[in-house]
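As structure tokens, the structure follows; a few thoughts come after it.
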Amino acid sequence: MAGVVVKGRFPRRRIIRVVATNVFRYLFRGAARNWLRNIGSTAPALSSMTLLLLLSGLVGMVGFALHNLEQVQSAQASLLHVYLRDGAPPADVGALWARLAKDPRVATVSYVSKDEALARAQGTPGLPQLAAATDSNPFPASLDVRVKNISDVAAIDRLVRSDIAVDAADPTSYDKGAYQRIQAVLFGFAVAGFAFLALLGFVAVTVTMNSIRAAIHSRRDEVTIMQLVGAPRWMVRGPFVVEGAITGALSGATAGLITFGLAMLGMAEGSTTFAQFAPGITVTVAAIAAALVFAAGLGLGSGSSLVSVRRHLES
């Protein structure tokens with residue numbers, strides 16, 4: 001009985017294997033040959049899509065870095081440094097600290113000595129040179145006040161400016177409108193980036209659709225014969241969609257590798273500076289960006305081809 005089951009399964013498996021082999025040969029191998037044969041008409045789509053995907057990957061990583069930078073700036077904007085005058089009595093400093101700690105708008109208050117302020121400055125670009133230019137410590141002691149809401153920073157600034165323990169010449173780190181200016185600049189970059197990418201996307205899709213249209217017209221007789229003999233719709237449309245997918249995959253792979261390479265180059269050449277101006281960009285983030293670029297290219301090529309096929313082939 002077992003032998004009968006084996007004999008019944010073997011032909012079925014052979015049929016499935018033969019059908020799968022023929023489908024693969026027709027859809028993928030044949031589409032690859034036609035793609036190479038039409039490389040002249042495909043090259044503009046390949047180059048424009050590669051440029052679009054490369055810029056999309058770079059803009060995406062820059063946008064991710066700017067988002068992280070905005071979060072850092074937001075955290076910094078909610079932290080007010082109250083600079084203490086040299087020689088301020090500990091009792092006055094303690095009284096100011098207690099008054100701020102009791103304020104319901106304040107989350108935390110911490111004391112930073114002159115030595116701690118100097119140590120912090122050593123890790124900030126430009127400040128070590130300032131410290132080296134003088135024999136004494138130019139950085140004052142301070143109270144670091146973190147407010148619960150950024151909108152309360154101005155009120156806390158007005159509260160401490162007249163205190164006797166605060167430096168009258170340079171009382172706080174408050175910069176009116178600094179956070180709003182940063183948000184306005186980031187919003188402007190985002191709008192300009194999306195508009196530019198939308199324009200490039202339109203160009204890439206149009207060029208890809210035109211290349212598929214040219215491929216359809218070059219094989220019009222073959223397509224007509226297949227439709228006359230009743231070939232399934234997927235057999236008529238499939239190769240053209242695969243050709244678009246090949247274009248998108250190659251564009252995505254090229255753009256993804258360049259995106260990953262540029263990110264790795266930036267991290268290798270200036271790790272400290274890169275981390276300050278592009279926080280959150282790591283090897284993992286760069287690899288994810290490259291994978292997303294590849295997937296976007298595959299989808300863009302396939303989608304553009306499918307739209308073109310539906311438009312220029314009879315249903």
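List, in order, the whole-Hz ³J(HN,Hα) value for each residue of the stretch 288-299 obtained from phi through the Karplus relation with A = 6.51, B = -1.76, C = 1.60 and θ = phi - 60°; use x for Gly and Pro.
5, 4, 5, 5, 5, 4, 4, 5, 5, x, 4, x
Round to the nearest 10 and report in Å² the accessible area of F194, as given by a 1.4 Å probe over the protein chains' heavy atoms.
Roll a 1.4 Å probe over it and F194 shows about 150 Å².
With every protein chain present, what accessible area does K148 have (1.4 Å probe, heavy atoms only), rounded to the nearest 10 Å²?
K148 has an accessible surface of roughly 140 Å² with all protein chains in place.
Grab the Cα-Cα distance for S74 and S47, subtract it from 0.36 nm times how many residues apart they are, and report the gain in nm with one decimal. Let's see the in-between values first.
Values: separation 27, 0.36 × 27 = 9.72 nm, distance 3.97 nm.
So the chain would gain 5.8 nm between S74 and S47.
Where does the charge balance sit around V153 when Lys and Arg score +1, Asp and Glu -1, over other residues with C-beta under 15 Å from its C-beta?
+2
The values are calculated or read from the model by the stated rules, or taken from the named source; none is laboratory data. As the structure is a prediction and not an experimental result, all values here were calculated from the model. Here the Cβ is made from the backbone with ideal geometry for all residues, glycine too, and neighbour counts use every protein chain on show. SASA here: full protein model, heavy atoms, side chains in, ligands and nucleic acids out. Shrake-Rupley method; radii C 1.70, N 1.55, O 1.52, S 1.80 Å.
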